[in-house]
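Structure, as structure tokens:
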Amino acid sequence: QVQLVESGGGLVQAGGSLRRSCAASGTIFSFISMGWYRRAPGKQRELVARIFSSGSTNYADPVKGRFTISRDNAKNTVYLQMNSLKPEDTAVYYCNAHISINDYWGQGTQVTVSS
């Protein structure tokens with residue numbers, strides 16, 4: 001059973017920074033693709049960033065240059081460093097593990113950026 005436990009997030013002023021963490025269990029972490037998604041009020045869930053087992057990454061255009069996804073395979077953890085936060089980054093952020101044809105999700109955490 002794959003489990004994803006998130007931490008971090010909260011309330012921050014525009015221009016500030018936050019770091020999200022997501023610890024995975026129940027799988028061979030180093031082999032899997034991990035990602036962060038978000039759902040803003042009234043919008044569909046969207047991909048924020050993804051990191052593959054090779055270490056390569058991709059980012060949604062709105063966060064390029066501001067957010068950084070990374071992973072520590074020894075700790076089975078993926079991180080999302082969010083800098084220069086904007087009010088439009090306000091959303092519930094979810095950790096995702098993509099394994100074969102299955103997707104697994106963390107519990108989601110609210111990130112609120114005040115102007």
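The values are calculated or read from the model by the stated rules, or taken from the named source; none is laboratory data. Just so it is clear, the model here is predicted, and its values are computed rather than measured. When we count neighbours, we look across all protein chains shown, and the Cβ atoms used for this are built from the backbone with ideal geometry, even at glycine. In case anyone asks, the SASA skips ligands and DNA or RNA and just uses the protein heavy atoms, side chains included. Shrake-Rupley method; radii C 1.70, N 1.55, O 1.52, S 1.80 Å.
Some values worked out for this structure:
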| item | result |
| --- | --- |
| Evaluation of P62 against (1) of a type outside the set (A, V, I, L, M); (2) closer than 23 Å to V113 by Cα; (3) in contact with a Ser or Thr (Cβ under 8 Å, 6 or more places away or on another chain) (one fails), failing number | (3) |
| Filter result (part of a loop (DSSP other than H, G, I, E, B) and at pLDDT 95 or above) within region 54-90 | S56, A60, K64, G65, R66, N83, S84, L85, K86, T90 |
| Test: residue in region 39-49 that is in a strand (DSSP E or B) and touching a Cys at 6+ places or on another chain (Cβ under 8 Å) | no |
| Residue within region 57-65 that is under 14 Å from the mean Cα position of the chain (by Cα) and touching a residue at least 40 places away in the same chain (Cβ under 8 Å) present | no |
| Yes/no for I69 being surrounded by 20 or more Cβ atoms within 10 Å (Cβ to Cβ) and in contact with a Leu (Cβ under 8 Å, 6 or more places away or on another chain) | yes |
| Looking only at region 37-56, and only at residues there that are more than 15 Å from the chain's Cα centre (by Cα) and open to solvent by 70 Å² or more (accessible area, probe 1.4 Å), the one that is nearest to G9 (Cα to Cα) | P41 |
| Members of region 13-33 that are of a type in the set (A, V, I, L, M), more than 19 Å from G65 (Cα to Cα) and modelled with pLDDT of 90 or more | A23, A24 |
| Count - residues of region 1-36 that are open to solvent by 70 Å² or more (accessible area, probe 1.4 Å), in a loop (DSSP other than H, G, I, E, B) and closer than 15 Å to Y79 by Cβ | 0 |
